[in-house]
1. When the residues of the range 26-68 are filtered to those that are of a type in the set (Val, Ile, Thr) and more than 19 Å from Leu234 (Cβ to Cβ), which remaining residue is surrounded by the fewest Cβ atoms within 10 Å (Cβ to Cβ)?
2. Can you tell me which of (1) surrounded by fewer than 15 Cβ atoms within 10 Å (Cβ to Cβ); (2) part of a strand (DSSP E or B) is the one Phe264 doesn't meet?
3. Of everything in the range 208-248, what is buried (at least 18 other Cβ atoms within 10 Å of the Cβ), in contact with a Phe, Trp or Tyr (Cβ under 8 Å, 6 or more places away or on another chain) and of a type in the set (D, E, K, R)? Give them in sequence order.
4. Quick check: anything in the range 115-137 assigned to a loop (DSSP other than H, G, I, E, B), in contact (Cβ under 8 Å) with a residue 60 or more places away in the chain, under 25 Å from Leu29 (Cβ atoms) and touching a helix residue (DSSP H, G or I) at 6+ places or on another chain (Cβ under 7 Å)?
5. How many residues are buried (at least 17 other Cβ atoms within 10 Å of the Cβ) and on the phi > 0 side of the Ramachandran plot when one looks only at the range 267-298?
6. I'm trying to understand the selection: among the residues of the range 272-300, which are closer than 17 Å to Asp246 by Cα and part of a strand (DSSP E or B)?
7. Would you say Ala205 is within 25 Å of the chain's Cα centre (by Cα), modelled with pLDDT of 95 or more, buried (at least 20 other Cβ atoms within 10 Å of the Cβ) and of a type in the set (Gly, Ala, Ser)?
8. Within the range 293-307, restricting attention to residues that are touching a Ser or Thr at 6+ places or on another chain (Cβ under 9 Å) and β-branched (Val, Ile, Thr), which residue is farthest from Val265 (Cα to Cα)?
Amino acid sequence: MSASIKIAIPMAGLGTRMRPHTWSKPKPLIGLAGRTVLDYLLEQFNSLPDIKKAEFVFIVGSNQLEQIRAHMQLHYPEKKAQYVIQEKMRGQSDALYLAREHLGGPMLMCFSDTLIETDLSTLANEKADGIAWVKRVPDPRRFGVAKADKNGHIEHLVEKPKELSNNLALVGFYYFREGSKLMKAIETQVEQKICLNNEYFLADAVNVMLATAANFRIQEVEVWLDAGKLDALLETNQYLLSHGHDNSQLAAKRAGVSIVPPVFVHPQANINECVVGPHVSIAKDCQLEHAIISNSILEEGVKVKNFILKNSLLGRNAIIEGRAKSLNVGDNSWVGK
């Protein structure tokens, strides 16, 4: 790549599958294994050649802009970032087209709830016009899939196929050697009204490019993590804690606390007479007393007292007292006797 790469991340959706948390914050800022989804999303690009020159383009809703920009300025002041607002939800292609002035040259596109493990260093010598990352799944019918030949060259993308014969599920991660060609394909897509329920999907824009002899290939991944709904988020939390993000040895040094690895406990969390783990993430300024917690994520400032908690996500500053439950509680909530 002779030009610095652009990384487009559409995130302007309403986040309905993660409510009540998305009433008060963007979905990418939900807690995950001691950090946020957005932190892990950004981390997956670190293998890019010349990552320091990369420019991130966040396509956000108007109610998301302030929090996303503040997070980036606080934690990633060195990264170049542009912000584009998508007021109406008209699909992935529409989101990218709104950001077209920032997306010339080589670009990556990743959905904001998609986390994969892949090596991007090979893009420095990539000859294809584009790449779609895929994972083989037992039942592809609820995903988009890539139809590819024996050499891995993509012939067509199919949304939610009815058959099981093609199991190469699209994970929501794409490379385009020239972003302006994608924009032209989106223009054709809109002109021909290639949409579903008034939403323009990126797979259809790629099919427009394929119809003009663009050369796309697949790139398979083994690890594809979902951060888009509660049960999947907890599974992703389990995976990350089990693969390098556990600090249970440090957490186990606390008096009066029993730790069942893997867990992440922020150094500034206050825990007394508790059993924590496995698969628990506890953020900064949490206060836990006489609690048993497993397979849960507690965001910043949560207070839990006299409680058995499992399979739960507690939003910032939530207060939980006195019962045994599985909970999905948003920011600034209180649950008591």
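The values are calculated or read from the model by the stated rules, or taken from the named source; none is laboratory data. Note that the coordinates shown come from a computational prediction; the quantities given were computed from them, not determined experimentally. Neighbour counts run over all protein chains shown; Cβ positions are idealised from the backbone, glycine included.
1. The initial filter retains those residues of the range 26-68 that are of a type in the set (Val, Ile, Thr), namely 30, 36-37, 51, 57, 59-60, 68.
Filter again for more than 19 Å from Leu234 (Cβ to Cβ), leaving 51, 57, 59-60, 68.
Working: Ile51: 16, Val57: 25, Ile59: 25, Val60: 24, Ile68: 22.
So the residue we want is Ile51.
2. So the condition that Phe264 fails would be (1).
3. Asp246
4. No - not one qualifying residue is present in the range 115-137.
5. Selection size over the range 267-298: 3.
6. Taking the range 272-300 first, the residues closer than 17 Å to Asp246 by Cα are 275-284, 293-299.
Answer for the range 272-300, where residues must be closer than 17 Å to Asp246 by Cα and part of a strand (DSSP E or B): Val275, Val276, Val280, Ser281, Ile282, Ile293, Ser294, Asn295, Ser296, Ile297, Leu298.
7. Working: within 25 Å of the chain's Cα centre (by Cα): yes; modelled with pLDDT of 95 or more: yes; buried (at least 20 other Cβ atoms within 10 Å of the Cβ): yes; of a type in the set (Gly, Ala, Ser): yes.
It is true that Ala205 is within 25 Å of the chain's Cα centre (by Cα), modelled with pLDDT of 95 or more, buried (at least 20 other Cβ atoms within 10 Å of the Cβ) and of a type in the set (Gly, Ala, Ser).
8. Across the range 293-307, the extreme among qualifying residues is Ile293.
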